[in-house]
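The values are calculated or read from the model by the stated rules, or taken from the named source; none is laboratory data. All figures in this text were calculated on a predicted structure; none of them were measured in a lab. Glycine gets a Cβ as well: all are built from the backbone with ideal geometry, and neighbour counts include every protein chain shown.
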Amino acid sequence: MGVTRPLRLVSSGPDETRKIAAAVADALRPGDLVALTGELGAGKTCFVQGAASALGVTDRVTSPSFLLRREYDGAVPVLHLDVYRLETLQEVVDLGYEDVVGGRWVTFIEWGDAMSTLLPADHLEVEFRLPDPAAQPGPGEDDLAEPRGIVVRPHGADWARRLAVLAADLLPWQDA
């Protein structure tokens with residue numbers, strides 16, 4: 001069936017993270033859900049910016065941290081959720097989550113691992129890993145430019161098939 005194991009990628013900074021996201025966006029279609037996981041400030045919103053742009057969104061994409069939900073029109077509409085501040089799965093449902101699965105848009109959920117029991121069997125998980133703290137830049141250096149690990153995990157048979165095809169597009173960023 002091809003690639004069923006995660007793809008391990010390396011991004012050298014925000015621009016590369018957006019390019020990786022644009023490559024992933026080529027495999028996305030309405031109804032898809034992408035769960036974004038990882039540490040605070042590791043690149044989740046940056047990834048959504050790149051994917052949304054590739055999906056035809058022309059509006060500025062910003063973090064939904066305080067609004068919890070943002071919708072963007074594009075060639076493929078984008079729904080961007082942030083569940084970091086939610087304390088219960090019921091709050092996720094109250095946010096309109098039931099309308100998300102199989103909807104007209106591609107949905108990106110920051111902190112998607114916090115609601116793993118609600119995620120559909122077929123979804124894509126993108127995990128962001130900050131650089132090793134021992135390798136952090138010194139005072140005055142730009143920590144956003146430090147390489148980040150990005151792990152792309154398929155969940156379900158559909159995403160395992162799609163990731164096998166997508167692997168070629170992500171080859172420039174694959175970690176040896």
Next item on the list: Count, please, the residues in the stretch 148-176 that happen to be hydrophobic (A, V, I, L, M, F, W, C), crowded, with 17+ Cβ neighbours inside 10 Å and part of a strand (DSSP E or B).
Entry: 2
Next item on the list: Can you confirm whether the stretch 114-131 contains a residue that is basic (Lys, Arg) and either at pLDDT 90 or above or outside any loop (DSSP other than H, G, I, E, B) (or both)?
Entry: yes
Checklist line | Within the stretch 162-174, tally of residues that are farther than 20 Å from ALA42 by Cα and either aliphatic (A, V, I, L, M) or in contact with a strand residue (DSSP E or B) (Cβ under 8 Å, 6 or more places away or on another chain) (or both) | finding: 8
Next item on the list: Hey, can you tell me all the residues within the stretch 133-176 that are out of contact with any helix residue (DSSP H, G or I) (no Cβ under 9 Å at 6 or more places or on another chain), at pLDDT 90 or above and not hydrophobic (A, V, I, L, M, F, W, C)?
Entry: GLY149, HIS155, GLY156, ASP158, ARG161, ARG162
